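Q: Just dropping this structure here.
The values are calculated or read from the model by the stated rules, or taken from the named source; none is laboratory data. Note that the structure is predicted; figures quoted are calculated from it, not measured. Here the Cβ positions follow ideal geometry from the backbone for every residue, glycine too, while neighbour counts run over all protein chains shown.
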Amino acid sequence: MSFSGPFSHSIIEELGKAVKNHLESLQTAHSALMDVFAVYIEQAQNVRNYIARWEQHPDQARLVNSGIVVIAREGDRYIVSSGNLLNRADMPTLVERLEHLQALDKAGLKALYKQQMRQPLTAEGGAGLGLTEMARKASEPLQHTLSTVDEQYLFFSLRVVI
């Protein structure tokens, strides 16, 4: 399953229903279904929230409506991937967070999650749990790629294997 285009809250919700129905029709184990669904929601919201940060900046119009989420089955695993344009200025912080998560084992991810749960909400309204939660649900470290679009933008993709 895949979706590419504008990520509104209503689209994320409708696609979420379609994802659940599709996984149920494949008789996916309930725990796997819930993990895939949770990672889909987190990735779609991350794309939407990132795009929303730039909607008020006319010079950043390319970032708006530029996202994709794909769910694939590979043997007994599910792969949830997302991608969107990324302003180069945002790359260092994101890469640092991802590399930190990739270096942690399951116990380290659990400890980080508990630590983040005690933190105050960020300016964006969350505790920064999204990437950590996806890493906890993943069966292998999160994978990301950055491809150059031009001097101002990169295409960021995130792959989560469940």
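Q: Among (1) buried (at least 16 other Cβ atoms within 10 Å of the Cβ); (2) in a helix (DSSP H, G or I), which single condition is Thr93 missing?
A: Failing condition for Thr93: (1).
Rundown of residues vs (1) of a type in the set (A, V, I, L, M); (2) at pLDDT below 95, yes/no style:
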{"site": "Phe3", "(1), (2)": "no, yes"}
{"site": "Pro6", "(1), (2)": "no, yes"}
{"site": "Lys20", "(1), (2)": "no, yes"}
{"site": "His30", "(1), (2)": "no, yes"}
{"site": "Ala38", "(1), (2)": "yes, no"}
{"site": "Val47", "(1), (2)": "yes, yes"}
{"site": "Glu55", "(1), (2)": "no, yes"}
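Q: Output the residues belonging to the range 1-27 that are under 17 Å from the mean Cα position of the chain (by Cα) and not in a helix (DSSP H, G or I).
A: If the condition is that a residue be under 17 Å from the mean Cα position of the chain (by Cα) and not in a helix (DSSP H, G or I), then Met1, Ser2, Phe3, Ser4, Gly5, Pro6, Phe7, Ser8 are the ones that fit.
Q: Residue by residue through the range 96-124, note down the ones that are of a type in the set (D, E, K, R) and in a helix (DSSP H, G or I).
A: Selection gives Glu96, Arg97, Glu99, Lys106, Lys110, Lys114.
Q: Among the residues of the range 151-161, is there at least one that is exposed (fewer than 11 other Cβ atoms within 10 Å of the Cβ), at pLDDT below 95 and touching a helix residue (DSSP H, G or I) at 6+ places or on another chain (Cβ under 9 Å)?
A: yes
Q: In this structure, is Thr132 of a type in the set (Ser, Thr, Tyr) and free of Cβ contacts under 8 Å to residues at least 12 places away in the same chain?
A: no
Q: Could you please let me know if Ile71 is within 11 Å of the chain's Cα centre (by Cα) and modelled with pLDDT of 90 or more?
A: no
Q: Taking interchain pairs and intrachain pairs at least six residues apart, which have beta carbon atoms under 9 angstrom, with the first residue in the range 14-30 and under 20 Å from Ala44 (Cβ atoms) and touching a residue at least 60 places away in the same chain (Cβ under 8 Å) and the second in a helix (DSSP H, G or I) and among the charged types (D, E, K, R)?
A: Listed by first residue and then by second, the contacts come to nothing, as the list is empty.
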